[in-house]
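Participant: I have a structure I would like to understand better, so I am pasting it below and will then ask my questions one at a time.
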Amino acid sequence: MSDNEGETTKAEQAYWKENIRLLVTLMAIWFLVSFGAGILFRPFLDQFALGGYPLGFWFAQQGSIYVFIGLIFFYTVRMKQIERKYDLDD
């Protein structure tokens, strides 16, 4: 058993810190779009229309799904960059 087994290096700690920061940021955006735009800000957003439907309704039914899919693609691109930065890519 080596002396470093079970210990994380500074690079690993920095990688996980950056990874968790990205996840928290993306989850906050998803929460704001799905819960905020679809429920909390719906009365304000319903003043506007998208495709003939009130904007708050659109976010509650479709918009939050589109944003979530966009966040997934952004996450994959950003994680590849982070993995390259810390030399963890395949």
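Participant: Take residue 31 and decide whether it is exposed (fewer than 12 other Cβ atoms within 10 Å of the Cβ) and more than 20 Å from the chain's Cα centre (by Cα).
Facilitator: When the stated conditions are applied, residue 31 does not pass them.
Participant: Does the range 29-40 hold any residues that are touching a residue at least 12 places away in the same chain (Cβ under 8 Å) and more than 10 Å from residue 55 (Cα to Cα), and which are they?
Facilitator: Step one: list which residues in the range 29-40 are touching a residue at least 12 places away in the same chain (Cβ under 8 Å), which gives 29-30, 33-34, 37-39.
Scanning the range 29-40 gives 29, 30, 33, 34, 39.
Participant: Can you pull out every residue in the range 43-62 that is touching a strand residue (DSSP E or B) at 6+ places or on another chain (Cβ under 8 Å) and surrounded by 12 or more Cβ atoms within 10 Å (Cβ to Cβ)?
Facilitator: Result: 45, 46, 55, 58.
Participant: Report the residue count in the range 22-66 for those that are in a helix (DSSP H, G or I), more than 27 Å from residue 79 (Cα to Cα), modelled with pLDDT of 90 or more and of a type in the set (S, T, N, Q).
Facilitator: Of the residues in the range 22-66, 0 are in a helix (DSSP H, G or I), more than 27 Å from residue 79 (Cα to Cα), modelled with pLDDT of 90 or more and of a type in the set (S, T, N, Q).
Participant: Sticking with this structure for a sec: How many residues are of a type in the set (A, V, I, L, M) and either loosely packed, with under 14 Cβ neighbours inside 10 Å or part of a loop (DSSP other than H, G, I, E, B) (or both) if we restrict to the range 67-90?
Facilitator: Number of matching residues: 4.
Participant: Which numbered condition trips up residue 87, out of (1) under 30 Å from residue 12 (Cβ atoms); (2) in contact with a Lys or Arg (Cβ under 7 Å, 6 or more places away or on another chain)?
Facilitator: The one condition residue 87 does not meet is (2).
The values are calculated or read from the model by the stated rules, or taken from the named source; none is laboratory data. All of these numbers come straight from a predicted model, not from anything done at the bench. Every residue, glycine among them, receives a Cβ derived from its backbone with ideal geometry; neighbour counts consider all protein chains shown.
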